[in-house]
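One structure below.
The values are calculated or read from the model by the stated rules, or taken from the named source; none is laboratory data. Given the structure is predicted, the values throughout are model-derived calculations rather than measurements. Glycine also receives a Cβ, built like all others from the backbone with ideal geometry; neighbour counts cover every protein chain displayed.
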Amino acid sequence: MRNAMHTDTEHCVRAVRSKDARFDGWFFTAVLTTRIYCRPSCPVVPPKPENMTFYPSAAACQQAGFRACKRCRPDTSPGSPEWNQRADLVARAMRLIGDGIVDREGVPGLAARLGYSTRQIERQLNAELGAGPLALARAQRAQTARLLVETTALPMAEIAFAAGFSSIRTFNDTVREVFALSPSELRDRLPKTRTQAGSASKTVGTPAALNLRLPFRTPLNPDNLFGHLAATAVPGVEEWRDGAYRRTLRLPYGHGIAALTPKPDHIACRLTLSDLRDLPVAISRCRRMLDLDADPVAVDEQLRTDPVLAPLVAKAPGRRVPRTVDEAEFAVRAVLGQQVSTAAARTHAARLVTAYGDPVDDPEGGLTHLFPTPQALAALDPESLAMPRTRRATFTTLVGQLADGVLHLGVESDWPEARARLLALPGFGPWTVDVIAMRALGDPDAFLPTDLGIRRAAQELGLPSTPAALTARAAAWRPWRAYAVQYLWATDSHPINFLPV
């Protein structure tokens, strides 16, 4: 863990001098003489240590009066792994802010979802991040604005609205303050072909397509990540086409389609959105699905300490946990996948998609629907489900509680509380709860000792075969047991472990 790393001046200075990209997003370097802030890997000559000060977030740098470096673009560095590996109040708040809650519901909405007062939220975020929720949301709006300015030919007024600013004046003032350039100057610095190539449609009602680069910390092994998503893809909602994983997205203001292609140093992301206001949320959900804010070096260092896992890590380091863009959707699919094959689970889900999903147009591929909402699934006739009666009861109870709001699964979920609520549902055993915790809630320490693939791997590698004994052995892998699951699964020849061709 690297909590409060920005307070360790000696460690930060060493990272800056070595231009170590592994620490991008962990902290930011503010230069007192130039009033510029950078990521640790900035290519410029490092300033003198006495001229450096360190902050835990880009928002804190901006609030202290520093502007973003034009060389290293610190506002676009990978997000801090802290918010993926923690389940405390600050981490849950950061996940919600990344999902756009402050822009849509304000700070009171953020506090209500977390069950705390606005004062408590403000105090804790300021204490740990040096900035409150409004400043953090403002930093995200500034980044979204920059993306739209640099990757589209949209008029500035439309960009201001899409990025979440309340007025053109606020948009202009924020961009100047954060980047030391006006929006027009940001665009003028780019080659003309770049904005033309990334231009978004300006026809009312026509989805806008944007081409973006999603950064990550290296190494990243795409095999199990994209292999898992492609092998379990629900027809109509997901597909693998032309080297890209594509899927539909249900978003706050409309819908979208994401096409994600693995590259050596980034993920190429093509987003087609019915409403550009959904851009930051769509990016956040794609990053979360691909686990792009993980710290693979920290994970692999821990797992290498086990002599059984060490060769697996050395062979293919940087495995990520394939996650989801919709927690409720994944919970439904986990129930559909209980005690059946991957193919059978896809068939069950595809039938529900065709019958209850919202149709979408996809001129670039074969996607046809958004995954059905819990409300739509709660209205179906249980007798129409081609599954055993007990699993029907599990399914209908789950979608009923999700639809009524009795059970809520989201980026802000408290992991222990969500586990307890899921375990209380009929037909929910440890495997179902842990696979939801791992892939939907994002718990990096979720473990599946009863999973058939894990048991096969354990037998092949000489690990304990009983769930209790394997769990005891896996204590040494904490807090990264969900990543150990990926390495253990990779010992099998199942399609989830291979990048599609």
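Name every residue in region 304-336 that is over 25 Å from the mean Cα position of the chain (by Cα) and polar (S, T, N, Q), in order of residue number. Within region 304-336, Thr305 is the sole residue that qualifies.
Taking the stated definitions as given, is Phe171 without any contact (Cβ under 8 Å) to a residue 60 or more places away in the chain, within 21 Å of Ile283 (Cα to Cα) and either buried (at least 20 other Cβ atoms within 10 Å of the Cβ) or not small (Gly, Ala, Ser) (or both)? Taking the combined requirement at face value, the residue satisfies it. Scoring Cys38 on the criteria (1) surrounded by 15 or more Cβ atoms within 10 Å (Cβ to Cβ); (2) farther than 19 Å from Glu177 by Cβ leaves a single failure, condition (2). Output yes when any residue across region 252-274 is surrounded by 22 or more Cβ atoms within 10 Å (Cβ to Cβ), in contact (Cβ under 8 Å) with a residue 60 or more places away in the chain, outside the structural domain of Trp477 (by TED's automatic domain parsing) and charged (D, E, K, R), and no when none is. Checking region 252-274: not a single residue is surrounded by 22 or more Cβ atoms within 10 Å (Cβ to Cβ), in contact (Cβ under 8 Å) with a residue 60 or more places away in the chain, outside the structural domain of Trp477 (by TED's automatic domain parsing) and charged (D, E, K, R). Within region 399-413, is even one residue closer than 22 Å to Ala344 by Cβ and in the same structural domain as Ala345 (by TED's automatic domain parsing)? Within region 399-413, one or more residues are closer than 22 Å to Ala344 by Cβ and in the same structural domain as Ala345 (by TED's automatic domain parsing). Take the residues of region 338-388 that are within 25 Å of the chain's Cα centre (by Cα), hydrophobic (A, V, I, L, M, F, W, C) and outside any helix (DSSP H, G or I): which is surrounded by the most Cβ atoms within 10 Å (Cβ to Cβ)? Here the residue is Phe371. With the condition kept exactly as written, say whether any residue in region 321-337 is buried (at least 18 other Cβ atoms within 10 Å of the Cβ), of a type in the set (Ser, Thr, Tyr), touching a helix residue (DSSP H, G or I) at 6+ places or on another chain (Cβ under 7 Å) and at pLDDT 95 or above. Within region 321-337, one or more residues are buried (at least 18 other Cβ atoms within 10 Å of the Cβ), of a type in the set (Ser, Thr, Tyr), touching a helix residue (DSSP H, G or I) at 6+ places or on another chain (Cβ under 7 Å) and at pLDDT 95 or above.
Answer with yes or no whether Glu383 is of a type outside the set (S, T, N, Q) and touching a residue at least 12 places away in the same chain (Cβ under 8 Å). Considered against the rule, which asks whether it is of a type outside the set (S, T, N, Q) and touching a residue at least 12 places away in the same chain (Cβ under 8 Å), Glu383 comes out as no. Have a look at Leu303, Leu279 and point out the one that is buried (at least 19 other Cβ atoms within 10 Å of the Cβ), touching a Leu at 6+ places or on another chain (Cβ under 8 Å) and modelled with pLDDT under 95. Answer to the selection: Leu279. The residue of region 85-100 that is surrounded by the fewest Cβ atoms within 10 Å (Cβ to Cβ), among those that are more than 15 Å from the chain's Cα centre (by Cα) and part of a helix (DSSP H, G or I), is Val90.
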